[in-house]
Ligand SMILES: [Zn+2]
């Protein structure tokens with residue numbers, strides 16, 4: 001009986017082993033594992049779950065480079081999934097949420113120095129406030145102005161995504177979540193109006209539109225993706241933790257791309273080890 005239990009336990013532990021590393025990409029398919037690392041603030045003055053120091057950020061990029069990773073845009077991921085583009089053997093996406101001014105002061109020069117690029121998803125109302133109030137140059141709390149967003153986009157170092165105009169809030173709705181008893185039509189109209197307001201700002205202030213959407217707080221409803229797809233969005237970033245396993249010509253994963261939060265209380269080595277990026281293989 002004891003032996004039987006030991007064998008049963010052994011079988012269960014094998015079944016429960018993390019699937020990473022055993023990911024099978026069939027030889028006839030072109031596949032990639034694509035980690036998307038999510039950052040928020042880059043600050044010298046503090047560290048936290050959403051705040052990484054400039055030194056640690058630089059160390060992340062250098063370590064990733066040493067491990068053979070090449071940074072790509074979400075647009076490259078879109079092109080790969082729809083079959084029109086390719087990805088390097090070990091791609092990685094560096095992703096920033098919210099549009100903090102400290103991304104401009106600290107992350108931008110480091111990205112240029114290391115030769116990496118990044119995805120940046122901004123909150124429209126915060127950028128509008130920075131631009132109109134002139135309260136825009138404190139790395140501790142300011143957000144990017146439209147001119148800075150334009151500059152970052154035109155530099156070729158950043159691609160820009162939509163993180164809603166004014167729905168990055170806990171109340172009355174949680175992010176783009178539905179209100180209690182909200183009917184489908186009202187929900188669709190509210191989401192559409194907000195997201196297009198930021199698209200219009202991008203176009204009038206910075207001269208571009210985007211097809212990338214990052215869900216505030218990672219919150220979405222079952223109909224969110226189809227509403228946003230009708231507006232032209234092609235890739236959707238969640239806060240679901242994990243590494244994406246993508247196949248060329250298969251767009252099914254673009255609706256819910258996973259990201260790995262870069263917790264700033266960890267060192268680069270700890271973070272890369274915890275996220276299993278220190279020994280990742282592309283296939
Ligand atoms: Zn956010």
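Values quoted throughout were computed directly from the atomic coordinates according to the rules given, and no laboratory measurement underlies them. Every value quoted in this text rests on a predicted model; they were computed, and no experiment measured them. Using ideal geometry, Cβ is built from the backbone for each residue, glycine included, and neighbour counts are taken over all protein chains shown.
Can you work out the FRET efficiency for the pair residue 209 and residue 147, with r the C-beta to C-beta distance and R0 = 30 Å, to the nearest 0.05?
Calculated transfer efficiency: 0.95.
Can you give the FRET efficiency for residue 25 and residue 231, using 1/(1 + (r/R0)^6), R0 = 35 Å, r = Cβ-Cβ distance, to the nearest 0.05?
0.60
Helix-only mean residue ellipticity at 222 nm, the chain, DSSP H runs n ≥ 4 weighted -39,500 (n - 2.57), per residue, nearest 500. What is it?
The helix contribution divided over the chain gives -10000 deg cm²/dmol.
Between residue 219 and residue 250, take the C-beta separation as r, use R0 = 22 Å, and let me know the FRET efficiency to the nearest 0.05.
Approximately 0.30, to the nearest 0.05.
Contour minus end-to-end for residue 65 and residue 166, with contour as 0.36 nm per residue of separation and end-to-end as the Cα-Cα distance?
32.7 nm
Which order do peptides 35-44, 164-173 fall in by mean Cβ count within 10 Å, highest first? The partial results should precede the final answer.
On the way: 35-44: 22.1, 164-173: 15.9.
Listed from highest to lowest mean packing, they are 35-44, 164-173.
Normalise the Cα radius of gyration of segment 97-252 by 2.2 N^0.38 Å (N = residues in it) and let me know the number.
Taking N as the residue count of segment 97-252, the ratio is 1.07.
Please work out how much length the chain gains when fully extended from residue 273 to residue 45, using 0.36 nm per residue of separation minus the C-alpha to C-alpha distance, in nm with one decimal.
79.6 nm
Starting from 0.36 nm per residue, how many nanometres of slack lie between residue 193 and residue 265 once their C-alpha separation is accounted for?
On the way: separation 72, 0.36 × 72 = 25.92 nm, distance 3.76 nm.
Contour length minus the Cα-Cα distance gives 22.2 nm.
Compute the angle between helix 2-15 and the longest alpha-carbon principal axis of the chain, please, reported from 0 to 90 degrees and rounded to the nearest 10.
So the inclination is approximately 40 degrees.
Calculate how steeply helix 54-66 sits against the longest principal axis of the alpha-carbon atoms of the chain, using the helix alpha-carbon long axis, and give the answer as 0 to 90 degrees to the nearest 10.
Between the helix axis and the principal axis of the chain, the angle is about 50 degrees.
Cα-based Rg of the chain per 2.2 N^0.38 Å, rounded to two decimals?
Working: Rg = 20.0 Å, N = 283, 2.2 N^0.38 = 18.8 Å.
Taking the Cα Rg and dividing by 2.2 N^0.38 Å, one obtains 1.07.
Using only Cα atoms, find the angle between the long axis of helix 124-133 and the longest principal axis of the chain, and express it within 0 to 90 degrees, rounded to the nearest 10.
Taking Cα atoms only, the helix is inclined about 40 degrees.
Applying a 10 Å radius around every beta-carbon, put 209-216, 125-132 in order of their mean neighbour count, most first.
Averaged packing, sorted descending, gives the order 209-216, 125-132.
How big is segment 24-127 by the Kirkwood estimate over distinct Cα pairs, in Å? List each step's numbers first, then the result.
On the way: mean 1/r = 0.0676 Å⁻¹.
The answer is 14.8 Å.
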